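Encoded as structure tokens, the structure appears first; notes follow it.
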Amino acid sequence: MRILLEGRPGAGKSTVARRLADRLGKKGIRVSGFVTEEIRESGRRLGFSIEQLGGERGVLAHVELPGPPRVGRYGVDLAALERLAIPALEQAGEDDVVVVDELGKMELASRAFREALSALLDRPVPVVATVQSASHPFTDALKRRRDIETLRVTTANRNELPELLASRLRSAR
């Protein structure tokens with residue numbers, strides 16, 4: 001099972017990914033991958049962190065990082081992305097469910113990350129990934145794959161999706 005969770009910024013894609021990983025873990029299902037989170041100070045978003053599920057955390061992007069690349073006002077630390085995200089994808093076992101948050105401009109700026117994700121999708125491992133709605137050649141190609149289902153995340157369905165997806169993933173095992 002391979003599912004892309006697509007939605008506009010703020011729709012709740014990351015929340016769904018986090019809650020899904022938590023639910024699966026509580027059901028005794030091994031979860032690997034990574035999640036991202038906003039870095040905020042005094043209500044202002046300054047960047048994004050990246051965290052391996054059950055592991056190390058780092059800064060993915062920040063207004064004070066020089067880049068390149070730069071995405072909007074953020075400099076992106078591709079070395080931190082590759083150090084944390086790629087091993088999380090490569091080390092996933094066939095009994096794991098891999099949660100990837102997110103396939104966005106920052107992450108897709110890394111060729112090594114795109115290659116690791118492509119290799120993961122060629123393995124018999126269940127994957128749930130959040131993806132930007134905006135067009136990008138890499139994610140557009142993923143959305144066209146026959147073995148990938150795309151679900152739209154909205155503020156109306158984001159609270160029920162984690163349990164729905166957890167049930168589907170448990171049934172598919």
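Can you tell me which residue within segment 153-170, out of those that are in a loop (DSSP other than H, G, I, E, B) and aliphatic (A, V, I, L, M), is surrounded by the fewest Cβ atoms within 10 Å (Cβ to Cβ)?
Pass one, segment 153-170, residues in a loop (DSSP other than H, G, I, E, B): 153-160.
Still in the running and aliphatic (A, V, I, L, M): 153, 156.
Numbers: 153: 23, 156: 9.
Only one residue tops the list, namely 156.
So residue 132 fits all but one of (1) within 23 Å of residue 19 (Cα to Cα); (2) open to solvent by 60 Å² or more (accessible area, probe 1.4 Å); (3) in contact with a helix residue (DSSP H, G or I) (Cβ under 7 Å, 6 or more places away or on another chain); what number is the exception?
Single failed check for residue 132: (2).
With respect to the numbered conditions (1) open to solvent by 30 Å² or more (accessible area, probe 1.4 Å); (2) in contact with a helix residue (DSSP H, G or I) (Cβ under 7 Å, 6 or more places away or on another chain); (3) in contact (Cβ under 8 Å) with a residue 40 or more places away in the chain, which one is the sole condition not fulfilled by residue 18?
(2)
Would a scan of segment 34-44 turn up a residue that is at positive phi, in contact (Cβ under 8 Å) with a residue 60 or more places away in the chain and surrounded by 20 or more Cβ atoms within 10 Å (Cβ to Cβ)? Please lay out each step first, then the result.
Within segment 34-44, the subset at positive phi is 42-43.
Checking the rest, the ones that are also in contact (Cβ under 8 Å) with a residue 60 or more places away in the chain come to none.
The answer is no, given that none of the residues of segment 34-44 is at positive phi, in contact (Cβ under 8 Å) with a residue 60 or more places away in the chain and surrounded by 20 or more Cβ atoms within 10 Å (Cβ to Cβ).
State whether the residues of segment 138-152 include one that is at pLDDT 95 or above, in a loop (DSSP other than H, G, I, E, B) and under 21 Å from residue 11 (Cβ atoms).
Within segment 138-152, one or more residues are at pLDDT 95 or above, in a loop (DSSP other than H, G, I, E, B) and under 21 Å from residue 11 (Cβ atoms).
Among the residues of segment 79-104 satisfying the criterion of being out of contact with any strand residue (DSSP E or B) (no Cβ under 8 Å at 6 or more places or on another chain) and open to solvent by 40 Å² or more (accessible area, probe 1.4 Å), which is nearest to residue 20 (Cα to Cα)?
At the first step, the residues of segment 79-104 found to be out of contact with any strand residue (DSSP E or B) (no Cβ under 8 Å at 6 or more places or on another chain) are 79, 82, 86, 90, 94-95.
After this cut, where a residue has to be open to solvent by 40 Å² or more (accessible area, probe 1.4 Å) as well, the list is 79, 82, 90, 94-95.
On the way: 79: 27, 82: 23, 90: 20, 94: 18, 95: 16 Å.
Applying the filter and picking the extreme gives 95.
Looking only at segment 82-110, count how many residues are over 22 Å from residue 141 (Cα atoms) and touching a Phe, Trp or Tyr at 6+ places or on another chain (Cβ under 8 Å).
2
The values are calculated or read from the model by the stated rules, or taken from the named source; none is laboratory data. Given the structure is predicted, the values throughout are model-derived calculations rather than measurements. As a convention, Cβ positions derive from the backbone with ideal geometry for all residues, glycine included, and neighbour counts pool all protein chains shown. Only protein heavy atoms, including side chains, enter the accessible area calculation; ligands, DNA and RNA are left aside. Shrake-Rupley method; radii C 1.70, N 1.55, O 1.52, S 1.80 Å.
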